[in-house]
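This report refers to the structure that appears directly beneath it.
The values are calculated or read from the model by the stated rules, or taken from the named source; none is laboratory data. Treat the numbers as computed from the prediction; the structure is a model and nothing was measured. Virtual Cβ from ideal backbone geometry, glycine too; neighbours counted across all protein chains shown. The area values use the complete protein model at the heavy-atom level, side chains included, leaving out ligands, DNA and RNA. Shrake-Rupley method; radii C 1.70, N 1.55, O 1.52, S 1.80 Å.
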Amino acid sequence: EAIDKYFENFENFKNEFSSAAASQFGSGWAWLCADKDGKLGVCSTANQDNPMMGEISGCAGCIPILGLDVWEHAYYLNYQNRRPDYVTAFFNVINWDTVADGLRKAAG
């Protein structure tokens, strides 16, 4: 429900999240985050940074509820330099119950 509310539909969310992951230059992360009101957003961070670190992340004040590691070590053995294929495959292994639980806790 929250994905539909903030992204209109799952396909829009998937496209935005995939774009954040694919466009992250070098090492980093793509995130689905929630603020204290339960509003969802997508952002990416470089290197080891995360949305809870403040202004440097571009998603300040948000709690990460889903993260995708786009450091090359996360996918190179199976995907070599094909990050977009890795990002696509990620959607097959997401535990949405865990993500929903993270959203509930973030909106606490």
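Take residue 37 and decide whether it is in a helix (DSSP H, G or I), modelled with pLDDT of 85 or more and exposed (fewer than 14 other Cβ atoms within 10 Å of the Cβ).
Here the answer is no, as residue 37 does not meet what is asked.
Criterion first (surrounded by fewer than 19 Cβ atoms within 10 Å (Cβ to Cβ), among the hydrophobic types (A, V, I, L, M, F, W, C) and at pLDDT below 85) does residue 96 satisfy it?
no
Being closer than 18 Å to residue 98 by Cα and at pLDDT 95 or above is the filter; apply it to region 3-30 and report the residue that is surrounded by the most Cβ atoms within 10 Å (Cβ to Cβ).
Looking at the filtered set, the residue picked out is 17.
Could you give every pair whose Cβ atoms fall below 9 Å, whose first residue belongs to region 2-16 and is touching a residue at least 60 places away in the same chain (Cβ under 8 Å), and whose second residue is part of a loop (DSSP other than H, G, I, E, B) and charged (D, E, K, R), counting only separations of at least 6 or pairs across chains?
Listed by first residue and then by second, the contacts come to 2/39.
Taking the condition modelled with pLDDT of 90 or more and surrounded by 13 or more Cβ atoms within 10 Å (Cβ to Cβ), does residue 76 pass? Lay out the reasoning, then the answer.
On the way: modelled with pLDDT of 90 or more: no; surrounded by 13 or more Cβ atoms within 10 Å (Cβ to Cβ): yes.
Spelling it out, it is not the case that residue 76 is modelled with pLDDT of 90 or more and surrounded by 13 or more Cβ atoms within 10 Å (Cβ to Cβ).
Report whether or not residue 46 is touching a helix residue (DSSP H, G or I) at 6+ places or on another chain (Cβ under 7 Å) and open to solvent by less than 70 Å² (accessible area, probe 1.4 Å).
Here the answer is no, as residue 46 does not meet what is asked.
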